[in-house]
Amino acid sequence: MKIVTLKSAHGKYVSIDPLGHIVADRDVARSWEQITVEPIAAPAPTPGVRLVALKSAHGKYVSAQPDGSLIADRDIVGAWEQFEVPADFLVGL
């Protein structure tokens, strides 16, 4: 596992509130802005990438919805909670 913070092109940090709403409007990275990246053992469908799940500081997984929105309100990792990252991103995990 790896804990990361994400900073937008506008200089704001991504934050996930207790209800799972995800925004990029924070000036400082505190606990709500920490995201745990968890590697998934399943093989990725694309060469050179790995699958990960993103877990909020509130213990919920980020889920990509069919309409393109994101929400962090899932207790388990399913297909909608899996994201691709470059394989070398996970070095040391």
**Report entry** Gain in span if fully extended, SER31 to ILE76, counting 0.36 nm per residue against the direct Cα distance
**Finding:** 14.1 nm
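First check a/c for the stretch 1-72, with a ≥ b ≥ c the square roots of the eigenvalues of its C-alpha gyration tensor; if it is under 1.5, answer rounded, and if not, answer prolate when a/b is larger than b/c or oblate otherwise. Provide the component values of the computation, followed by the final result.
On the way: a/c = 1.68, a/b = 1.60, b/c = 1.05.
It comes out prolate by the Cα gyration axes.
When a/c is below 1.5 the answer is rounded, else prolate if a/b is larger than b/c, else oblate, so apply that to the stretch 37-88 with a ≥ b ≥ c taken from the square roots of the Cα gyration tensor eigenvalues.
Numbers: a/c = 2.17, a/b = 1.52, b/c = 1.43.
The shape class here is prolate.
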Report task. Return one whole number: the accessible area per residue of the stretch 1-80 in Å², for a 1.4 Å probe. Result -> 61
Report task. Extending each Cα 7 Å along its Cβ direction at GLU84 and ILE3, get the distance between those two points in nm, one decimal. Result -> 3.0
Query raised in the report: To the nearest 0.05, what FRET efficiency results for LYS12 and ALA42 with a Förster distance of 35 Å applied to their C-beta separation?
Result: 0.60
Report summary line: The percentage of the accessible area of the chain (probe 1.4 Å, all protein chains present) made up of carbon and sulfur atoms, to the nearest whole number, is 57
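The values are calculated or read from the model by the stated rules, or taken from the named source; none is laboratory data. Because the structure is predicted, anything quoted here is derived from the model rather than measured. Cβ atoms come from the backbone with ideal geometry, glycine included; neighbour counts cover every protein chain shown. The protein model used for the area step is the full one, side chains on, heavy atoms only, and it has no ligands, DNA or RNA in it. Shrake-Rupley method; radii C 1.70, N 1.55, O 1.52, S 1.80 Å.
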